[in-house]
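Just so it is clear, none of the values below were taken in a lab; they were calculated from the coordinates. What you see is a predicted model, and the numbers here were worked out from it, not measured in a lab. Backbone-built Cβ (ideal geometry, glycine too); neighbour counts: all protein chains shown.
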Amino acid sequence: MKWNEKYSKTKWKCEITHYDQKLAVAKKIASLVKDGDVIGFGSGSTSLLAVREIARRIEENHLSITALPTSNEIRMECVSLGIPVANLNDVRPDWGFDGADEVDCHKWLIKGRGGAMFHEKLIMSNSPKTYIIVDQSKFVNHLCEKFPIPVECVPSAYTSVMHQLYKLGADTVELRLSGKSKDGPVITENGNYILDTTFHHVSNDLEQKIKQIIGVLESGLFIGYNIEIMSI
Ligand code: 5RP
C-alpha cells in the first residue's frame, strides 16, 4: 500500500535564483531520459527542477526509470512524484546529473552548498557519465572565487581537521552553522560537521590531500570525474 504522496511533498526553502536558466537546463536533462535508465539524481535547486521535468517526461512518454537520489530532499521529491528510487547497494547508475557551485576551465568543481557532497561524489564516481547542470553564474576563473570547499568531518575530529586544513595552506576554515532552523553546527545526513574552507590556490592533488586527513569523510572538491558540463 502506498503512503499519501503529500506526506513527502517538499518545497525549496527560498526563491530559486537564475530560475529561467536552471529550468531550461533541467528540461535539457529530462530530454535525455530513456526507458529503463538507472539515473543518479544530484541535489540542489537545479537538480530539483530536473526531477520535476523528468517526472513530466515519464508521465507523457510512459517511461520506466529508477532514480538513485543523492539527498533526502531529492529522494522525497522523487517519492512524491512517483519516481521509483533505489540505492547504490541495489543498482548501478547508467548515467547521472548534478548541479555545482563553481566550475573552472579544467572542469574542476566545487559542490556541497547543500551539504550533500558525500553521496553526490559516491554516485558520481560510480557513474560512467554525469551531466553537470549549471547556469552561467557558476563559471569562475579560479575555484574558491565565490564558494568555499566544504569538508565533511566526524564531529569528534573537527578541531584536528581544522588544524590539518590550515597546514595544507587553507586561508580560512569555518564550521558551518545551522542558521535559523537550529542552534549550533549543521549536521549532515551522515551525522557529521562541515568545515567551509577557502584556498587561494587549488592544486590538482588538493582533493586527495584533504581526503587523507584523519576524520574527513569527503570534500566538495571534484577533480577529474567523468563529467560533461551542460548549461544554456
Ligand atoms: C548540493 C550541491 C548542489 O548541486 C549545488 O550547491 C548547486 O545547487 P543549485 O542548483 O541550487 O545552485 O552541491 O550539495
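Can you give the charge dipole size of region 19-113 about its Cα centre, rounded to the nearest 20 debye, using +1 on the beta carbon of Lys and Arg and -1 on the beta carbon of Asp and Glu?
Dipole magnitude for region 19-113 comes out near 80 debye.
By DSSP, what percent of the beta bridges with both residues in the chain are antiparallel, rounded to the nearest 5?
Around 50 percent antiparallel, to the nearest 5.
Rounded, prolate or oblate, given the Cα gyration tensor of region 97-232, with a/c below 1.5 counting as rounded?
Cα axes put region 97-232 in the prolate bin.
Who wins for biggest fluctuation among N204, N192, N126 in a Gaussian network model of the chain, springs between alpha carbons below 10 Å?
N204
Which of rounded, prolate or oblate describes region 1-84 when judged by the alpha-carbon gyration tensor and an a/c cut-off of 1.5?
Judged from the Cα gyration tensor, region 1-84 comes out oblate (a/c at least 1.5, b/c at or above a/b).
If you rank K107, K13, K138 by fewest surrounding Cβ atoms within 10 Å, what's the result?
K13, K107, K138
Explain nothing, just the number: dipole magnitude of region 149-219 about its Cα centre with +1 on each Lys and Arg Cβ and -1 on each Asp and Glu Cβ, in debye rounded to the nearest 20.
So the dipole magnitude of region 149-219 works out to roughly 120 debye.
Which of L165, L49, L32 moves most in a GNM of the chain, Cα contacts under 10 Å?
L32
Give me the distance between the Cα centres of region 24-43 and region 84-143, rounded to whole Å.
Spelled out, the Cα-based centre of one part sits 13 Å from the other.
Pairing the Cα long axis of helix 19-31 with the longest principal axis of the chain, what angle in degrees results, from 0 to 90 and rounded to the nearest 10?
60 degrees
Can you find, among T70, A55, Y7, the residue farthest towards the positive end of the dipole of region 1-98? Put +1 on the C-beta of Lys and Arg, -1 on that of Asp and Glu.
Among T70, A55, Y7, the one farthest towards the positive end of the dipole of region 1-98 is Y7.
For region 149-219, what percent of Cα pairs sit more than 19 Å apart?
In whole percent, the share of Cα-Cα pairs in region 149-219 beyond 19 Å is 28.
Compute the acute angle (0 to 90°) between the alpha-carbon long axis of helix 45-61 and the principal axis of greatest extent of the alpha-carbon atoms of the chain; round to the nearest 10°.
Between helix and principal axis, roughly 20 degrees.
For the chain, what is the per residue volume of the convex hull drawn over the alpha-carbon atoms, in cubic angstrom?
Spread over its residues, the Cα hull of the chain gives 134 Å³ apiece.
Note down the relative contact order for region 149-219 as a percent, whole number, built from C-alpha pairs under 8 angstrom at least six residues apart.
46 percent
Could you pull out every residue, at least 5 positions away or on a different chain, whose amide H is within less than 5 Å of the one on W95? Hs are placed 1.01 Å off N in the peptide plane, and Pro or chain starts have none.
It is V38, G40, by chain and number.
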